[in-house]
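Here is the structure we will look at.
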Amino acid sequence: EAGVVQSPRYKIIEKKQPVAFWCNPISGHNTLYWYLQNLGQGPELLIRYENEEAVDDSQLPKDRFSAERLKGVDSTLKIQPAELGDSAVYLCASSLGSDLLNTGELFFGEGSRLTVL
Amino acid sequence: QQPVQSPQAVILREGEDAVINCSSSKALYSVHWYRQKHGEAPVFLMILLKGGEQKGHEKISASFNEKKQQSSLYLTASQLSYSGTYFCGTGVSNDYKLSFGAGTTVTVRA
């Protein structure tokens, strides 16, 4: 069975340019997460979806970041315009259910590494 | 608030043991351990729920002391494949979110 698929793996852009990342979760996983991972740090949650609904976007910087999961499967995370401080790895994860604390296993993708020049 | 992991890094020879600690300032409901190899996705190792249970995954085991709000991950008779960065993720009641520590980088040498 395929794991969580993300693209692109690497992206280099100039500051103020837009960028988009795509994620395809494991089939049947209704819950999808976008995490930010800075160098030498653990993942930090940006947004969580239950099917197509964003149930927690409190950590998403909404002035420049947006995300969507239109049909409750694939998701896209966009940054416009990108800033130097956005350089990081953007991880997508999915889980079978939403009860992460009790039974939850997050399945992560390999991430999209963004470099903003 | 994210948990604090220690040490930040450890270097081992094959067959040696190591302990990684994870501490939180909050009362914990669960602790989750992940391993991430360089350039790869973090991979789930185990989850520990409050109750002081201990779990094992081959020669990697963990304990959870809810009173001390701490968890420890034990690498026993380490193998080269154990190299990577280990993250603990902590969960508190009434909040589904995991907070991840900054990670502990383990290097196992032949």
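The values are calculated or read from the model by the stated rules, or taken from the named source; none is laboratory data. Just so we're clear, the structure is a prediction, and the values are computed from it rather than from any experiment. FYI the Cβ positions are ideal-geometry reconstructions off the backbone, even for glycines, and counts take in every protein chain you see.
List of remarks:
- Any hit, the stretch A:57-69, residues being closer than 23 Å to B:LEU28 by Cβ and within 14 Å of chain B (Cβ to nearest Cβ): yes
- Of the criteria (1) within 16 Å of A:GLU105 (Cβ to Cβ); (2) modelled with pLDDT of 95 or more, which one B:LEU73 fails: (1)
- Entirely in the stretch B:1-108, the strands (runs of 3 or more DSSP E) that have 2 or more residues that are facing another protein chain (nearest Cβ under 10 Å) and polar (S, T, N, Q): B:30-36, B:84-92
- Screening A:GLU68 with (1) surrounded by 16 or more Cβ atoms within 10 Å (Cβ to Cβ); (2) more than 15 Å from A:GLN6 (Cβ to Cβ) gives one miss only, at (1).
- The set of residues in the stretch A:60-115 that are of a type in the set (Asp, Glu), without any contact (Cβ under 8 Å) to a residue 12 or more places away in the chain and over 22 Å from B:PHE100 (Cβ atoms) comprises A:ASP63, A:GLU68.
- Among residues of the stretch A:7-36 being farther than 20 Å from A:LYS62 by Cβ and buried (at least 21 other Cβ atoms within 10 Å of the Cβ), the one that is modelled with the lowest pLDDT is A:THR31.
- Positions within the stretch A:64-86 being over 14 Å from the mean Cα position of the chain (by Cα) and at pLDDT 95 or above, in sequence order: A:ARG64, A:GLN80, A:PRO81, A:ALA82, A:GLU83, A:LEU84, A:GLY85
- So A:ALA82, is it among the hydrophobic types (A, V, I, L, M, F, W, C) and at the interface with chain B (Cβ under 9 Å from one of its Cβ atoms): no
- All strands (runs of 3 or more DSSP E) inside the stretch A:49-107 with 1 or more residues being in contact with an Asp or Glu (Cβ under 6 Å, 6 or more places away or on another chain): A:75-79
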